[in-house]
1. Based on other C-beta atoms within 10 Å, arrange Trp209, Trp171 from fewest to most.
2. For the chain, with a Gaussian network of springs between Cα atoms less than 10 Å apart, report the residue from Leu185, Leu164, Leu138 with the top mean-square fluctuation.
3. Run the numbers for Glu94 and Ser229: contour at 0.36 nm per residue of separation, minus the present Cα-Cα distance, in nm.
4. Quick one: net charge of Gly220's neighbours, Cβ under 12 Å, K/R +1, D/E -1?
5. Can you give the local net charge around Ile203? Use residues other than it whose beta-carbon is closer than 12 angstrom to its beta-carbon, Lys and Arg +1, Asp and Glu -1.
6. Give me the extension gain from Asp84 to Lys131: residue separation times 0.36 nm, minus the current Cα-Cα distance, reported in nm with one decimal.
7. Would you look at the GNM of the chain, springs on alpha carbons closer than 10 Å, and say which of Glu166, Glu95, Glu150 moves the most?
8. Report the local net charge at Arg107: Lys and Arg +1, Asp and Glu -1, summed over other residues whose C-beta lies under 15 Å from its C-beta.
Amino acid sequence: MPKATRNITYIHSPNTYKYSIIIPAAGQGTRMISYGAKSLIKLTPDLTVIQNQLNIIAQKFRYYEIIMVVGFQAYRVMRDTPNDIIKIENERYEETNVCRSIGMGLRAATTNRVLIMYGDLVFNAATLDVKFNKGSSLIIDSSDTMTPNEVGCTIIDGLVENVLYELPNKWAQISFFVDKELEMLKQIVWNPDNERLYGFEAINQIITWGGKFRAVLPSGIRVNDIDSSKDIPIAQKIAQGIV
């Protein structure tokens, strides 16, 4: 059990199975290069994006492993993140996309319950106030803190039908994979021909193959990903509980 979970008072009932939590954080973000690695952006003087994620994970899960896949400024990210998480370098981050990083994370995962959250996400504790015991699922932002240009999805009878840009029901870029959907994900991301795919493209392929994802809209969710400097103020407010 990671050291960060010691002396934690759990909020609600924790997820008590062991989980592999993969954090793809290799991309440089062409609009954010001057800020350095996005996972190390300061939300408060003492809190980075990645530490905010780790703090909330420790509140919501009892047994887990964290696998962080880095690329841009890999040395700095590895140096400035906790030593008790697994860190893998995607040395080809400039010519590949998130599916390669996910594939590398899955190679290191030791469980069959996989939660993937992108490394530039800032969210509150309510975002992970979810019981991951009802099959593969996508967390959907019901608070409108994700910006309109983010990937959204259509939802029918509680299931995600497809994931595309310019759709409502913004995907919070947090996904849970288990059973056949996890096996399909491995098939996709371990195929070298797919190493340039975005994560939502892999999800759409799984749906096309017959996979199913519950749409989960946590009450009180606040989430935003840092794509540009304009996203930093709202991310800081989320981390501080202002919005």
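1. On the way: Trp209 12, Trp171 25.
By the 10 Å Cβ count, ascending, the order reads Trp209, Trp171.
2. The residue with the greatest mean-square fluctuation here is Leu164.
3. Roughly 46.5 nm would be gained on extension.
4. With Lys, Arg at +1 and Asp, Glu at -1, the net is -1.
5. Values: positive: Lys212; negative: Glu161, Glu181, Glu201.
Neighbour charge sum, excluding Ile203 itself: -2.
6. Details: separation 47, 0.36 × 47 = 16.92 nm, distance 2.48 nm.
Taking 0.36 nm per residue and subtracting the Cα distance, the gain is 14.4 nm.
7. Glu95
8. -1
Read-outs throughout are calculated quantities, based only on the coordinates presented, and are distinct from any laboratory measurement. This is a predicted model, so every value here is computed, not measured. With ideal geometry, Cβ positions are generated from the backbone for all residues, glycine too; neighbour counts draw on all protein chains shown.
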